[in-house]
Amino acid sequence: MKKLLLLVLIPYSLLAQKVARFSPVEINRYQQQAKRVTIIRDNWGIPHIYGKSDADAVFGLLYAQCEDDFKRVEMNYIEKLGRMAEVKGESSLYDDLQIRLLIDTTEAIADYNKAEPWMKKLLNAYADGINYYLHKHPDTKTALLTRFKPWYPLLWTDGSIGAINTADITTAELKNFYSGDKVTYTDEPKDPENQTGSNGFAFSSKITASGNAILYINPHVTFYFRPEVQVTSEEGLNAYGAVTWGQMFVYQGFNDYCGWMHTSCNVDVADVYAEKIITKNNKMFYEFDKQLKPVTQKKISISYKEGDALKTKTFTTYFTHHGPIMAKRNDQWISLKSYNRSMTSLIQSWKRTKAKGFEDYKKVMDLRANTSNSTVFADNKGNIAYWHGNFVPVRDKKLNWAKVMDGSTSATEWKGLHRVNETVHVYNPVNGWLQNCNSTPFSAAGNMSPKKADFPPYMAPDGENFRGVNAVKVLSKESNYTIEKVIASGYDTNLAAFEVLIPSLVNVFEKNVKPTDSIYAALSEPISVLKNWNYHSSESSVATTLAIEWAGKLSTTLQKLYIDEGEDDQVANIKKFAATATPEQVLPPLLAAVNELKKKFGKWQMPWGEINRYQRVSSDILQKYDDAQPSVPVGFASALWGMIPSYNSRYYPSTQKRYGVSGNSFICAVEFGPKIKAKSLLAGGESGNPNSKHFNDQLEMYTKGKFKDVLFYKEDVLKNAERTYHPGE
């Protein structure tokens with residue numbers, strides 16, 4: 001392993017942070033395209049973009065995104081370019097190296113150069129829309145990027161928050177391999193309540209009051225990760241929904257004909273290989289099918305900020321035909337085979353927004369380039385569908401692909417891709433509804449679900465979780481759904497995990513603790529509160545506070561949602577734990593929770609809403625929280641314990657209270673009748689500007705689950721228009 005530290009280049013303070021000048025030719029092009037775009041901001045600040053062509057609409061969409069939160073647009077591409085260390089310093093060096101190993105800018109540029117004319121127009125419009133914003137706002141303080149390139153979208157061809165897949169290889173392993181340092185690095189523990197995910201529900205025409213299909217769109221991501229938009233052209237584009245900052249397609253949403261909701265899943269789309277490395281005549285080779293192949297070496301230089309200077313570190317990196325070497329385990333080099341970006345993926349992301357119903361959408365799915373998620377679908381013919389993943393390599397079914405594969409044999413190679421009809425899917429189930437909550441697809445339609453035995457394990461290693469358990473129970477109750485009833489189902493506040501955990505805790509206490517024991521006085525009242533709880537969270541619930549504070553101190557095994565082949569899922573682990581729990585396992589954590597509440601607040605009887613808060617007071621990407629600043633109570637809780645309307649909150653070193661960071665973000669219920677009818681809600685508000693009235697205008701609505709009407713048709717948008725303009729005006 002080699003690493004080379006180069007000289008300081010230039011003082012960081014002198015780097016070009018101001019917006020670059022654009023040529024007269026470019027400015028004229030921007031101005032001409034802007035004339036073909038109209039942006040109407042409605043009374044919630046949501047931009048409705050109308051363009052002559054699809055490219056015009058993309059131009060306007062990116063311009064509008066920059067108006068709302070340029071900082072997030074820019075930061076997403078700094079990350080995907082592998083240049084975060086230039087902004088954040090050496091601490092991001094190996095995050096950048098990981099990106100550079102997996103996403104090759106030269107490949108993205110090559111894809112752009114050979115793109116079909118229609119796609120190249122969209123890519124050019126993407127860059128022009130952002131660059132025109134920078135031209136018209138010369139005082140914009142960019143963190144790094146002063147000019148956006150049309151090939152940038154080809155670095156990030158999927159809108160998922162988890163679009164980069166490294167199998168189970170960590171950044172710490174990468175650093176251990178490439179740093180040359182003698183110390184062993186470990187990753188910081190992740191907050192188990194902040195495991196990203198989503199809910200998607202679909203209801204066929206047979207179980208709705210109107211006879212129209214209804215889709216419930218409910219991504220769970222970090223707050224403000226996506227704004228709400230509508231983008232329309234005279235070439236057949238009319239998509240409404242959530243767009244990931246800086247991307248040119250609606251990621252989760254709907255059009256006149258159908259809607260799509262993506263949920264994260266654990267379908268195996270990336271594998272790790274142990275390579276047999278051999279040095280011969282001072283050259284490195286790896287063994288494959290009893291032949292020696294040369295290890296490819298590539299130098300990757302990464303700049304990083306240090307004080308007021310910019311330094312560069314150059315790594316010699318290694319590749320086999322599987323992919324980059326990412327780690328070393330048991331003295332073996334570990335490579336990663338993955339599919340983290342492609343032109344086909346970007347085409348699929350775009351074409352789904354123009355699908356004209358079920359049959360059309362299936363053709364888009366046949367591109368098989370969606371690597372990061374599953375899809376819940378509904379259309380205006382009453383159809384509903386669920387696909388668990390999409391890009392699924394064909395593999396040897398006898399092997400456990402969650403393990404490290406033998407990289408020296410073709411027996412472990414991928415053998416093409418499964419056809420969509422071979423993957424786990426459900427079309428129009430008899431029960432009339434579908435759900436996925438990042439859970440097993442084998443409960444997607446209740447008793448009408450696919451059977452696990454019919455599919456190889458690598459297609460669906462996902463286990464059950466308590467959101468999935470709760471969703472099946474809730475959705476089975478109704479047979480005459482309306483949009484309002486769908487939203488009510490999506491806001492069921494049952495914490496299903498505690499239906500298993502709390503009876504076990506109470507039983508252990510009552511069987512093992514006597515009134516004369518010292519712990520009895522401290523826990524008898526809290527136990528009584530929990531025993532009489534209905535397992536629903538609310539702002540006024542003391543039991544919710546006790547349960548969540550206690551459960552967070554139990555074994556981390558109970559908090560693992562995403563599993564691999566052969567592992568027990570969260571539901572199985574919690575049931576197993578509850579069945580065998582001892583006093584030593586459950587009582588000290590409860591006592592600790594009670595004592596911590598007393599220390600912080602002077603009493604343990606704390607209603608959940610008094611400590612579980614929503615606060616948005618700055619435009620910072622990494623929000624800071626302050627007990628002295630205004631905040632509002634939230635009755636929802638983490639999806640980790642089965643909460644469908646997820647709200648993940650945490651304490652900070654300087655706070656006594658918990659503040660929300662992720663969970664429900666953009667939520668929408670849409671009915672596909674002769675005319676679209678929809679209601680939506682966005683965390684906080686559309687704008688990232690604290691001075692805008694649309695920064696927090698949906699905040700209190702969000703905490704109550706109170707939705708607004710979606711303005712899908714132009715006549716309704718005009719009736720509620722706040723501002724109408726061309727980009728640049």
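The values are calculated or read from the model by the stated rules, or taken from the named source; none is laboratory data. Worth saying up front: this structure is predicted, and the values here are computed from it rather than measured. Please note: Cβ atoms are built from the backbone with ideal geometry, for glycine as well, and neighbour counts cover all protein chains shown. For accessibility, only protein heavy atoms count, side chains too; no ligands or nucleic acids. Shrake-Rupley method; radii C 1.70, N 1.55, O 1.52, S 1.80 Å.
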Of the residues in the stretch 244-277 that are of a type in the set (Phe, Trp, Tyr) and in a loop (DSSP other than H, G, I, E, B), the one that is nearest to Gly60 (Cα to Cα) is Phe249
With criteria (1) of a type in the set (A, V, I, L, M); (2) under 30 Å from Ser638 (Cβ atoms); (3) at pLDDT 95 or above; (4) open to solvent by 20 Å² or more (accessible area, probe 1.4 Å), Ala209 comes up short on (2)
- Right, Glu610: open to solvent by 70 Å² or more (accessible area, probe 1.4 Å), at pLDDT below 95, out of contact with any Asp or Glu (no Cβ under 6 Å at 6 or more places or on another chain) and of a type in the set (Asp, Glu) or not? no
Screening Lys485, Lys511 for residues that are in contact with an Asp or Glu (Cβ under 7 Å, 6 or more places away or on another chain), in a helix (DSSP H, G or I) and of a type in the set (D, E, K, R) leaves only Lys485
Over the stretch 280-308, the set of residues more than 22 Å from Asp104 (Cβ to Cβ) and either within 34 Å of the chain's Cα centre (by Cα) or outside any strand (DSSP E or B) (or both) is Asn281, Asn282, Asp289, Lys290, Lys305, Glu306, Gly307, Asp308
Do we find that Lys280 is touching a Ser or Thr at 6+ places or on another chain (Cβ under 6 Å), surrounded by fewer than 23 Cβ atoms within 10 Å (Cβ to Cβ) and not aliphatic (A, V, I, L, M) in this structure?
no
Is one or more of the residues making up the stretch 464-480 within 21 Å of the chain's Cα centre (by Cα) and surrounded by fewer than 23 Cβ atoms within 10 Å (Cβ to Cβ)? yes
Note on the stretch 488-508: residues closer than 29 Å to Gly673 by Cα and part of a helix (DSSP H, G or I) are Ala488, Ser489, Gly490
When every residue in the stretch 421-456 that is among the aromatic types (Phe, Trp, Tyr) and either more than 23 Å from Ile483 (Cα to Cα) or outside any strand (DSSP E or B) (or both) is compared, the one nearest to the chain's Cα centre (by Cα) is Phe442
Over the stretch 321-338, the set of residues within 22 Å of the chain's Cα centre (by Cα) and in a loop (DSSP other than H, G, I, E, B) is Ser338
Taking first residues from the stretch 593-607 that are at negative phi and open to solvent by 30 Å² or more (accessible area, probe 1.4 Å) and second residues anywhere that are among the hydrophobic types (A, V, I, L, M, F, W, C) and not in a helix (DSSP H, G or I), the pairs with Cβ under 9 Å that are 6 or more apart or on different chains are Asn595/Trp604; Glu596/Trp604; Lys598/Trp604; Lys600/Met606
If we take the stretch 56-122, then helices (runs of 4 or more DSSP H) inside it with 1 or more residues that are without any contact (Cβ under 8 Å) to a residue 24 or more places away in the chain and open to solvent by 10 Å² or more (accessible area, probe 1.4 Å) are 105-113
Of the listed residues (Asn255, Asn266), the one being at pLDDT below 95 and crowded, with 21+ Cβ neighbours inside 10 Å is Asn266
Residue pairs qualifying under the 9 Å Cβ cut-off, at least six apart or on distinct chains, with the first in the stretch 379-402 being free of Cβ contacts under 8 Å to residues at least 24 places away in the same chain and over 17 Å from Trp260 (Cα atoms) and the second being open to solvent by less than 40 Å² (accessible area, probe 1.4 Å) and of a type in the set (S, T, N, Q), are Asp396/Thr412; Leu399/Thr412
Given (1) without any contact (Cβ under 8 Å) to a residue 12 or more places away in the chain; (2) open to solvent by 60 Å² or more (accessible area, probe 1.4 Å), Lys531 misses just (1)
- prompt: For the stretch 180-193, does any single residue satisfy the condition of being of a type in the set (Gly, Ala, Ser), closer than 30 Å to Asp716 by Cα and open to solvent by 50 Å² or more (accessible area, probe 1.4 Å)?
  reply: no
Restricting the stretch 559-568 to residues that are assigned to a loop (DSSP other than H, G, I, E, B) and open to solvent by less than 30 Å² (accessible area, probe 1.4 Å), the one nearest to Pro503 (Cα to Cα) turns out to be Leu561
In the stretch 353-371, is there at least one residue being touching a residue at least 24 places away in the same chain (Cβ under 8 Å), farther than 26 Å from Ala213 by Cα and under 26 Å from the mean Cα position of the chain (by Cα)? yes
The number of residues in the stretch 429-463 that are among the hydrophobic types (A, V, I, L, M, F, W, C), in contact with a helix residue (DSSP H, G or I) (Cβ under 8 Å, 6 or more places away or on another chain) and open to solvent by 10 Å² or more (accessible area, probe 1.4 Å) is 3
Scanning the stretch 339-394 for residues that are part of a loop (DSSP other than H, G, I, E, B), open to solvent by less than 40 Å² (accessible area, probe 1.4 Å) and of a type outside the set (A, V, I, L, M, F, W, C) gives Asn340, Arg341, Ser342, Gly357, Asn370, Thr371, Ser372, Gly382, Asn383, His388, Gly389, Asn390
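Residues are listed down the side, and each one gets a yes or a no for (1) over 20 Å from Asp96 (Cβ atoms); (2) in a strand (DSSP E or B):
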position: Ile169; (1), (2): no, no
position: Phe177; (1), (2): no, no
position: Asn199; (1), (2): yes, yes
position: Gly211; (1), (2): yes, no
position: Thr232; (1), (2): yes, yes
position: Gly241; (1), (2): yes, yes
Here the qualifying pairs (Cβ atoms under 6 Å; residues six or more apart or on different chains; first in the stretch 140-156 and within 11 Å of Tyr77 (Cα to Cα) and part of a loop (DSSP other than H, G, I, E, B); second open to solvent by less than 30 Å² (accessible area, probe 1.4 Å) and of a type in the set (S, T, N, Q)) come out as Phe148/Asn131
Looking across the stretch 690-729 at residues that are under 13 Å from Gly45 (Cα atoms) and basic (Lys, Arg), the single one that is nearest to the chain's Cα centre (by Cα) is Lys708
Note: among Leu640, Leu718, Leu681, just one is open to solvent by less than 10 Å² (accessible area, probe 1.4 Å) and assigned to a helix (DSSP H, G or I), namely Leu640
Expected single match for within 29 Å of Tyr520 (Cβ to Cβ), touching a strand residue (DSSP E or B) at 6+ places or on another chain (Cβ under 9 Å), outside any loop (DSSP other than H, G, I, E, B) and open to solvent by less than 10 Å² (accessible area, probe 1.4 Å) among Ile548, Ile667, Ile574 is Ile548
Of the residues in the stretch 108-141 that are of a type outside the set (Gly, Ala, Ser) and under 25 Å from the mean Cα position of the chain (by Cα), the one that is nearest to Cys66 (Cα to Cα) is Ile130
In the stretch 329-338, anything under 20 Å from Asn266 (Cα atoms) and open to solvent by 10 Å² or more (accessible area, probe 1.4 Å) is listed as Lys337, Ser338
